[in-house]
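Written out below as structure tokens is the structure these notes cover.
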Amino acid sequence: MADNVLFIAFPYAAVLVAVVMSVYRYFDHRFTYSSLSSQFLEREQLSWSSVAWHYSILIILLAHVLAALFPGLWGALLGGQFRLYLMEITGMGLALVAILSVIAFIWRRLTNPRVRAVTTRGDWVLLAALLAQVALGFLTALLYRWGAVWYLHTAVPWLESLVRLNPQIDAIAPLPWLIKLHFLGGFVIVALVPFTRLVHAFTFPLSYVWRPYRVVVWNRRAH
Ligand code: HEM
């Protein structure tokens, strides 16, 4: 019963909330569709941790998505022992980089009074959720080896069943709770998107290529 709520009802609710509220935020206060910059308050610490965070998490999430979209190809790729080792070690290395980067984000906001002053409650919730999620991912990879392979026979059928609107949790129900918390965390983060600065992920700046230069100003709602 609890599994049905957490791994069927909750994922659908999270996606619904993310879509409806993101559309609402776009039409209601479009100019908050960003990751409000704090770069001019403190630049040095931000630059290395931000670059490290974005590269590590994008590669990790790309691997999550590609494995789910092309499980046959992914399985074949991991068929050789050396390639499997390489994938696991790379994943764990990138996870460590991601963990250290989020810790640096949190440290920067805690220790710099100017940056702290512009940090909202939503920022703290998001940073805590991201730290928990990358730490759980790292622990999953470390403690339950060869996740790159068993992912294909557990998470992938579950996610696919959700997409096909024929939810099945048999493949993930017997997994240890640490792993299930990581799966759940994925949808917690989906639900947080429209309420936090994570919404900036939708603003991949393709139009920067052709748009004219602009002067950027803060546009923040008075609370
Ligand atoms: C429902 C969604 C998700 C599922 C089913 C899932 C599943 C998994 C699995 C099975 C692993 C172990 C892979 C291995 O041992 O090689 C893993 C690792 C990891 N996950 Fe996720 N994950 C999800 C969402 C996320 C999200 C949203 C994030 C980050 C914001 C994330 C970050 C990580 C990290 C950092 C690792 C460790 C690095 C790695 O081994 O790839 N995951 N995930």
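Just so it is clear, none of the values below were taken in a lab; they were calculated from the coordinates. Because the structure is predicted, anything quoted here is derived from the model rather than measured. Methodologically, a virtual Cβ is constructed for each residue, glycine included, from the backbone with ideal geometry; neighbour enumeration extends over all protein chains shown.
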Original post:
Just the Cα atoms of the range 9-100: what Rg and Dmax do they give in Å?
Top reply: 18.3, 52
**OP:** Return the distance in nm (one decimal) between the two label points of a simple spin-label model at residue 12 and residue 164, each offset 7 Å from Cα along Cα→Cβ.
**Re:** 1.6 nm
Original post:
Where a ≥ b ≥ c are the square roots of the eigenvalues of the C-alpha gyration tensor, would you call the range 108-190 rounded, which needs a/c under 1.5, or, failing that, prolate if a/b is larger than b/c, or oblate?
Top reply: prolate
Original post:
In the range 40-138, which chymotrypsin sites (Phe, Trp or Tyr not before Pro) fall in coil by DSSP and have 11 or fewer other Cβ atoms within 10 Å?
Top reply: 40
Original post:
Per the Cauchy relation, a quarter of the hull surface: what is the mean projected area of the convex hull of the alpha carbons in the chain, in nm²?
Top reply: 14.6 nm²
Original post:
For the range 145-188 and the range 54-109, what is the separation of their C-alpha centers, rounded to whole Å?
Top reply: 17 Å
**OP:** Grab the eigenvalues of the alpha-carbon gyration tensor for the range 58-170, scale each by 5, take roots, and send me the semi-axes largest first in whole angstrom.
**Re:** 32, 19, 10
Subject >> Within the chain, longest stretch free of exposed trypsin sites (Lys or Arg not before Pro) [DSSP loop, at most 16 other beta carbons within 10 Å] >> reply: 44-144
